[in-house]
Structure formats: C-alpha cells, structure tokens
There are 2 protein chains.
Amino acid sequence: MMQDIYAELISIGDEILYGQTLDTNSHFISAELDKLGIRVKRKVTVADNREAMMRAFKEAESNADLIIITGGLGPTKDDLTKPLLAEYFDCGMRLHEDILEDLKQRFAKRGRELNELNKGQAELPEKCQPIENKYGTAPGMWFEKDGKVFISMPGVPKEMKYMMEDTIIPKFKEIYKAPVLIHKMVKTVGIQESILAERLEDWENNLPQEIKLAYLPGLNQVKLRLTASGVDEQHLQNLIHKEVEKLYELIGKYIYGTDDTNLPAKIGELLKEKALTIACAESCTGGYIAHLFTSNAGSSEYYRGGINPYHNDLKINILGVKKETIEQHGAVSKETVIEMAERVRELFGADIGISTSGIAGPGGATKEKPVGTTWVALADGMNTQTKLYHFQFDRQSNIEITSNSLLNLVRQTLSSK
Amino acid sequence: MMQDIYAELISIGDEILYGQTLDTNSHFISAELDKLGIRVKRKVTVADNREAMMRAFKEAESNADLIIITGGLGPTKDDLTKPLLAEYFDCGMRLHEDILEDLKQRFAKRGRELNELNKGQAELPEKCQPIENKYGTAPGMWFEKDGKVFISMPGVPKEMKYMMEDTIIPKFKEIYKAPVLIHKMVKTVGIQESILAERLEDWENNLPQEIKLAYLPGLNQVKLRLTASGVDEQHLQNLIHKEVEKLYELIGKYIYGTDDTNLPAKIGELLKEKALTIACAESCTGGYIAHLFTSNAGSSEYYRGGINPYHNDLKINILGVKKETIEQHGAVSKETVIEMAERVRELFGADIGISTSGIAGPGGATKEKPVGTTWVALADGMNTQTKLYHFQFDRQSNIEITSNSLLNLVRQTLSSK
C-alpha cells in the first residue's frame with residue numbers, strides 16, 4: 001500500500017502580487033509533480049517580506065510533506081529567501097569553495113570577473129544540500145526536517161526548470177512512492193461548454209467512482225479532464241480508455257486530440273498522413289497562425305511558409321490579389337480572402353492555402369464592419385471555402401479566436417477528405 | 001489619514017494545481033487592485049474540494065478586508081463555489097427572474113433554448129448581490145459581512161475581466177480610500193541582472209526610504225520596479241521622477257521604456273518619429289516577430305508586413321535570395337540573412353528590413369551548427385548589420401530570445417540615427 005504525498009508550493013515575489021509578473025513556475029512544477037503522482041494541495045504566493053514568508057514556511061510545514069519555494073534568491077538586496085531559510089532552520093552560513101570555483105571559471109570563460117554580489121551566491125545555509133544551477137549564479141537548496149522536505153529554487157524559469165529536471169525529479173523518484181494518479185485530457189473545438197455538458201450528462205452520471213471529470217473552457221475550445229486515482233495502474237488505464245472511447249462515440253466530431261496535442265500539431269499529423277502541405281496569408285492575425293504552426297518541432301514537414309501583407313499594396317503586388325477586388329469589396333471581404341487563400345497556395349507551392357482578414361481592433365472599424373468582423377478562407381485547389389465571424393473581444397483575443405476558428409475549419413476539411 | 005486595504009485572492013481549480021491551466025486571472029486582478037492602491041497580501045490556489053475551499057474562505061476572512069474568488073462557477077457538477085458560499089454565509093438560494101429572463105433572451109437571439117443546466121445559473125445565494133456577466137451564463141456574486149467584502153467570479157478570463165471593469169472596479173473606487181502606492185517600471189534590454197545591480201549599487205543604497213526597488217529578470221530583458229508608498233501623491237511622484245532620471249543617467253542606453261511599453265511598441269514610436277517603416281523575413285522565428293509587431297494596436301502605421309519562407313525554395317523564388325548563396329553557405333548563415341533582410345526591405349517597400357535564420361531545435365542541428373545557432377540581420381538601405389548568437393534554450397525560448405535580441409538591434413540602430 002502506497003502512501004499519499006502532499007506538496008505545497010510557495011512563490012515569493014511582490015511582482016507577482018502586484019500583477020507585474022505572471023507566475024509560470026508554479027504551473028510547471030505542478031505539472032511535473034502531477035506526473036509523479038504527488039498531489040499539490042495548495043499554492044501560496046507571498047510578498048518579499050519577513051513576516052509573510054516565515055508564516056508561509058510554517059503553514060506549509062504543517063500542511064504538506066514537501067514544500068517547494070521559488071523566488072527571492074537573486075544577488076540583490078530585495079532577495080530574502082536565503083537568510084530567512086537559515087533563520088527558519090536555525091543555522092549559520094557556509095561558503096562552498098567548489099561552487100565559488102565553478103562560478104569563477106564560468107565567468108572567466110566569458111572574459112569577466114566575479115563581482116562581490118555574485119561571490120555571495122556561493123554562501124549557503126549550513127543545513128542545506130546545494131542544488132546545481134547550470135544557467136545562473138544562485139544554487140538551489142534542499143533541506144530535510146522530521147521527514148519533510150523543503151526545496152528552494154530561483155524564480156528565473158529556465159534555472160528552476162534545469163534544477164527540477166536535472167536534480168530534483170530524479171531524487172523524488174528515488175524517495176517517494178506515491179499512489180497512482182492518471183490524467184487524460186480530451187480536447188474539443190467548436191462546441192460550447194453548456195451544450196457539451198448537456199450531451200454528456202448521462203455519461204457523466206455513470207462514470208465509475210475512480211474517475212473525476214472537469215470542464216476547462218477556453219477560446220472556442222473546451223478541454224475535458226478525466227482523472228483516475230487508485231492503486232492499480234493497469235486497472236485505471238483500462239477504465240480511462242473505456243470512457244474516452246465512449247466520448248469519441250458521443251462527441252467525436254468535436255474532439256481533435258488528447259493530452260499534449262495542440263490544434264496546429266493535430267493538423268500537422270493530418271497533413272503528413274495525406275502527404276499535403278499548407279501555407280498561410282494572414283492579414284488581421286498578423287503572423288500568429290504562422291507562429292502557432294512553427295512553434296511545433298518538425299513543422300517544416302508540412303508547413304511551407306506564410307506571408308502577412310499588412311498593407312493593401314502588398315496584398316496586390318506580392319500576393320497577387322486583384323486591385324479591383326480590394327477597391328470594390330474592401331480588404332475585409334469574402335472576395336479578398338478567397339483570392340488571398342488561392343494566391344498564397346499557388347505562390348508558396350502548397351496544397352492548401354488559408355487566409356484571414358478582419359478588424360482586430362480597437363481602431364479600423366466602420367459602420368458596416370465593426371471591430372471583430374472577420375473573414376477567413378481555405379483553398380485546396382478544388383474548392384475555396386469561406387467563413388464570416390463577428391467576434392466581440394479585445395485585439396489579442398480576436399487574433400486568437402480567429403486563428404483557432406480557421407484552424408478548426410482546416411481540421412474539419414482534412415478529416416473529411 | 002487613509003486606511004490600508006488588504007486583499008487576498010483565492011483561485012479555485014484542480015486544473016491549476018495539476019499544472020494544466022495557467023492562472024492568468026489572479027495576475028490580472030492583482031494589477032487592477034494595485035492601480036487602486038489596494039495591497040494584495042496573499043494569493044492562494046486550492047482544489048475543487050469542500051474542505052480546502054471552506055478553510056480558504058475562513059483564512060482569507062481573518063487575513064484581509066477584501067476576498068476575491070475566481071473559478072468553480074460553471075454549469076457543471078464539478079463546480080462547487082456557489083453552494084459552498086451559500087453554506088459559508090449560512091443562507092438559502094433564490095431564483096432571480098430578471099437574470100433568467102435575460103438568459104432566455106440571449107439564447108433566443110442565437111436561435112437556441114435554455115437548457116436545465118443554464119437555467120440553474122439564475123439561482124444565487126440569498127445574501128449576495130448578483131454581478132452582471134455579459135459574456136457568459138454565470139453571474140458573479142458580491143457578499144458583505146462585518147465590513148469585509150467577498151466577491152466570486154467565473155474562471156473564464158473574459159467573463160472575469162468584464163465583471164471587474166464593468167461593476168467591481170467602479171464600486172471599489174466608491175467604497176475604498178486606500179493610501180497612495182505608485183509604481184514605475186523601468187525596462188532594460190541587453191544587460192545582465194548582476195552587472196546591472198553592480199552599476200546601480202550606490203544609487204540603490206541611497207534611495208529615499210519611501211521607495212522600494214525590485215529586479216525582475218526575463219529573456220534578455222531585466223525590468224526594474226520602483227514602488228513608492230505614502231500619503232502625499234505629488235511628493236511620491238516627484239521622488240520617483242527624480243530617481244528615474246538618475247537611472248537614465250546611469251544606464252540610459254539599456255532602457256527602452258517605462259511601464260506598459262513593450263519593445264516592438266517602442267520601436268514603433270521610433271519609426272513613427274522618423275517616418276520610417278519596417279518589414280521582416282523570418283525563418284527560425286516563424287512569424288513570431290510579425291506577431292509581436294501586429295499585437296500592438298496601430299502597428300499598420302509603421303509595420304509594412306512580413307514573410308516567413310520556411311523552405312529554401314521560397315527564400316529563393318519569392319524573397320529573391322540567390323540560389324548559390326544558400327548552396328554555398330547554407331540557410332543558417334551570415335550571407336543568407338543579409339540577402340533576406342535586403343530583399344524583404346525592397347520587396348515590401350520598407351525603409352528597414354530585418355531577418356532571422358537559425359536552428360530553433362530540437363531537430364535540425366549539425367556538428368558545425370548546433371541547436372541555438374542563430375543569425376539575424378538588419379538592412380536600412382545604406383548598411384546591413386548582422387549578429388550571430390549561440391542560444392541554449394528550448395525551441396520556444398530560442399524563438400523568443402532571438403526575437404528580443406533582433407528587436408534590440410533595431411532599437412539601437414534607430415536610436416543612433
């Protein structure tokens with residue numbers, strides 16, 4: 001019988017409380033712990049302030065087996081984590097000669113000398129084990145007390161990630177044996193949460209008790225998370241597998257994939273299967289669809305390239321949209337997106353051409369075409385489909401939902417081919 | 001004399017603790033409260049779980065004057081916030097006919113009928129004031145108890161934002177008079193945190209006691225946050241102004257702007273001042289620089305457009321890079337980025353052309369050109385500058401730091417013109 005391991009995460013930093021920095025660290029750490037079956041019970045963010053930090057350490061110790069702290073380890077004065085941990089564990093500081101030597105060598109390689117602030121990074125509380133930091137100057141710290149583990153890492157995401165992957169996760173695998181926790185994320189596009197919930201009501205009511213369901217809504221996408229917990233991994237895997245099969249029967253046409261898939265990656269798979277390629281001509285989405293495709297490793301296999309001719313003369317002169325089309329119908333029109341999609345397909349030598357043109361806002365609106373008016377098109381050499389949307393979000397969300405909606409049209413078209 | 005107002009934020013959702021959803025809501029709310037001078041003392045994230053939620057409500061009530069809760073208000077079974085708040089405030093539920101009528105009309109407009117799940121959204125705990133939700137079906141809730149305020153909003157970002165902007169912030173302005181808190185963010189690019197800290201050591205030691213400093217490091221960017229607190233706003237503004245002037249004297253060439261500016265927006269300003277335009281040819285950054293420019297409203301004034309010729313034949317046939325250049329030097333080379341920048345400048349009719357070509361990873365590396373090898377160029381019609389970088393991050397961070405580094409080169413070039 002395995003024992004439940006509970007963790008609490010503490011993020012330190014006024015910048016998070018003031019809303020100036022988005023805390024992505026605790027998101028990453030949560031996902032990693034989850035893979036190990038360690039349950040994050042609570043996350044707390046507190047200020048760079050003695051009283052708040054000491055209270056957070058104490059509460060976490062009484063709540064959890066494993067306490068992971070990020071932030072407050074920089075070389076500058078506003079960083080309090082190291083002295084406060086020494087105080088919390090009631091110990092002095094010790095200079096680690098090997099860490100100092102390593103810092104000196106790393107600085108020498110770049111032709112620089114260590115300054116006093118950086119030298120101080122080699123001093124750590126006596127009761128901790130240092131954790132190597134390949135990408136920065138502040139080592140991490142590992143403390144143990146009455147069977148509980150305290151870990152402190154810098155707030156710089158790449159330094160924290162390196163420590164997690166290189167030292168901490170391997171060590172957790174040795175010392176913890178957690179109960180089995182299995183997640184399956186089923187990703188849908190093009191259907192609203194409440195309609196989905198209605199269609200799934202009977203299924204949801206009959207879920208086995210080992211499985212918990214959550215709806216995670218986004219911009220034109222809803223993710224369904226199934227979580228199974230218990231002791232027998234194979235049994236749980238079978239249960240999850242059966243329920244996911246039922247979901248495909250009930251709402252299969254809205255499901256584009258599971259787990260880490262994203263919509264452009266799914267389109268990439270479909271394109272590779274059919275040995276097809278794609279290219280995009282983006283006006284209002286301004287390079288965002290290109291960015292979504294090229295964020296996936298290996299996208300050069302199916303993504304030919306893209307153009308964003310932001311000005312009308314470029315739509316005409318480079319892409320080859322007819323001058324009369326834009327003069328007669330405007331850049332945000334069915335006629336223009338049709339030509340954009342057909343021309344980018346030919347010009348980039350792709351099998352499929354897609355295009356967007358709309359008023360992302362806040363400027364650029366007219367009486368007939370308010371902010372959010374958006375045309376998209378898809379040309380495959382035989383037919384050219386178009387869609388008109390009236391979105392009502394801010395600039396950033398209009399760009400994002402336009403991209404998701406057009407990508408869903410690509411997915412549907414490829415799935416039916 | 002004004003009174004300090006302290007807030008605590010509670011985010012509810014297993015998906016946040018499991019690392020599946022990034023909590024951007026509390027980030028937004030923090031920034032808004034900060035503008036009002038309300039201090040966020042702590043943020044807590046707890047599971048969709050009765051015990052954890054009730055404990056969080058109680059702790060927050062004892063800690064803060066204002067408690068803001070997001071999440072757990074969906075129409076589905078896993079959403080517990082509404083029944084638990086009714087329990088916490090010890091009251092029954094009441095159907096709001098006006099809300100129900102409004103929901104019916106909104107559904108009718110889209111040719112749909114209300115289902116049972118959505119009807120339930122019009123039932124709220126008796127002791128709350130409903131908060132209108134223009135973009136979704138779950139109203140927000142406002143409770144008051146012994147001078148403390150509890151607010152509950154949905155976890156969907158655009159619904160939460162609408163409630164904050166339309167109802168909650170205006171109401172806060174009426175009821176709270178908080179002490180003055182002024183922030184100034186000074187944004188630098190191209191200098192490391194520890195070098196910056198060394199150069200600023202004397203200045204930092206002599207800061208007036210009303211001002212607190214924090215270093216916020218990112219990818220090739222470090223932000224300096226100055227926070228002044230007190231009672232006399234004009235006095236604090238003067239203090240901050242004086243210190244920012246000193247910063248410009250000490251490290252001015254690394255500062256690209258303050259507060260909400262971003263690097264492409266700053267470049268936009270410089271371009272507008274000089275009546276110049278820009279266009280980009282992106283290979284490894286795959287549309288990301290275009291996306292950064294076009295995310296700023298009004299970018300069409302200076303941004304002509306972009307192309308990402310992901311395949312070599314497109315670099316040759318559309319953009320006009322010489323076939324021999326790519327054959328002799330490869331796509332990731334000084335020679336290729338020079339031609340890309342010069343050709344995109346001509347083809348797009350821009351004053352400045354910029355280009356990127358690199359190995360973003362994880363695939364595509366060779367012995368001579370490991371992952372992270374990146375060339376960028378900037379052509380202004382007179383000279384073409386190039387830079388070679390060796391980044392060591394993952395794909396996403398390589399794309400981001402390449403973009404930031406090239407944008408900094410553009411900034412420096414424009415600033416010296």
Against the longest alpha carbon principal axis of chain A, how many degrees, from 0 to 90 and to the nearest 10, is the axis of helix A:97-109 turned? 40 degrees
Per residue of the range A:148-155, in order, report the coupling 6.51 cos²θ - 1.76 cosθ + 1.60 (Karplus, θ = phi - 60°) as ³J(HN,Hα) in whole Hz, putting x for Gly and Pro. 9, 10, 10, 10, 10, 10, x, x
Pairs of alpha-carbon atoms within less than 8 angstrom and 6+ residues apart define the contacts here; what relative contact order does the range A:263-416 have, in percent? 25 percent
If r is the Cβ-Cβ distance from residue B:198 to residue B:269 and R0 is 22 Å, what FRET efficiency results, to the nearest 0.05? 0.15
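Note the direction-averaged projected area, equal to a quarter of the hull surface, for the Cα convex hull of the protein assembly as shown, in nm². Walk me through the numbers on the way to the answer.
Details: hull surface 145.8 nm².
Seen from a random direction, the Cα hull of the protein assembly as shown projects 36.5 nm² on average.
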Express the Stokes-Einstein translational diffusion coefficient of the range B:263-416 in µm² s⁻¹, to the nearest whole number, given a Kirkwood radius over alpha-carbon pairs, 4 °C and a viscosity of 1.567 mPa s. 85 µm²/s
If the label for residue B:195 sits 7 angstrom from Cα along the Cα-to-Cβ line, what are its distances to the same label in every other copy, in nm to one decimal, shortest first? 5.6
Once you place label points 7 Å from the Cα toward the Cβ at residue B:174 and residue B:241, how far apart are they in nm? 3.4 nm
If each label sits 7 angstrom from Cα along the C-beta direction, how far apart, in nm, is residue A:87 from its counterparts in the other copies? 3.8
Cα-projected label distance for residue B:389 with residue B:123, points at 7 Å along beta-carbon direction, nm: 5.6 nm
Counted charge near residue B:377, where neighbours are those whose Cβ lies closer than 12 Å (Asp, Glu -1; Lys, Arg +1): -1
Charge tally for neighbours of residue B:309 with beta carbon under 9 Å away, counting Lys, Arg as +1 and Asp, Glu as -1, is 0
So for the range A:182-258, averaging the separation of alpha carbon pairs under 8 Å that are six or more residues apart and normalising by length, what relative contact order in percent results? 45 percent
Can you sort B:153, A:164 from fewest to most other Cβ atoms within 10 Å of each residue's own Cβ? A:164, B:153
Along Cα→Cβ at 7 Å, what distances in nm separate the residue A:177 label point from those on the other copies, shortest first? 6.5
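What is the average number of partner chain Cβ atoms found within 10 Å of a Cβ in B:289-299?
6
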If you average the sequence gap of Cα pairs under 8 Å that are 6 or more apart and divide by the length of chain A, what percent do you get for the contact order? 10 percent
For chain B, with equal point scatterers placed on the C-alpha atoms only and solvent neglected, what are the log10 I(q)/I(0) values from the Debye formula at q = 0.10, 0.14 1/Å, to two decimals? -0.89, -1.17
Degrees, to the nearest 10: B:25-35 long Cα axis against longest axis of chain B: 90 degrees
Of the GluC sites (Glu not before Pro) in the range B:345-408, those whose Cβ has at most 14 other Cβ within 10 Å and which sit in DSSP loop: B:368
In the structure shown, of B:246/B:266; A:158/B:43; B:134/B:223; B:266/B:387; A:223/B:82, the pairs separated by more than 27 angstrom at the C-alpha atoms are B:134/B:223
May I have the convex hull volume per residue, in Å³, for the Cα set of the range B:180-258? 76 Å³
Could you state the angle between the C-alpha long axis of helix A:233-251 and the longest principal axis of the C-alpha atoms of chain A, as a value from 0 to 90 degrees rounded to the nearest 10? 20 degrees
Could you put A:386, B:285 in order, starting from the residue whose Cβ has the fewest other Cβ atoms within 10 Å? A:386, B:285
Along the range B:394-410, Karplus-curve 3J(HN,Hα) (6.51, -1.76, 1.60; θ = phi - 60°) to the nearest Hz, with x for Gly and Pro, reads 7, 3, 4, 6, 4, 4, 5, 6, 4, 4, 4, 5, 5, 4, 5, 4, 4
Of the beta bridges DSSP finds with both residues in chain B, what % are antiparallel, to the nearest 5? 65 percent
Rh by Kirkwood over Cα pairs, then Stokes-Einstein D for the range B:6-175 at 0.692 mPa s and 37 °C, µm²/s: 202 µm²/s
Between residue A:96 and residue A:58, what's the calculated FRET efficiency when r is the beta-carbon distance and R0 is 30 Å? Round to 0.05. 0.65
DSSP-defined beta bridges in the protein assembly as shown - what % are antiparallel, rounded to 5: 65 percent
Residues of the range B:145-182 with backbone N under 20 Å of the label point set 7 Å from the Cα of residue B:109 along Cα→Cβ are B:154, B:156-167
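No lab work stands behind these numbers, since they all come straight from the coordinates. In this text the structure is predicted, and so the values were computed from the model without any measurement. FYI the Cβ positions are ideal-geometry reconstructions off the backbone, even for glycines, and counts take in every protein chain you see.
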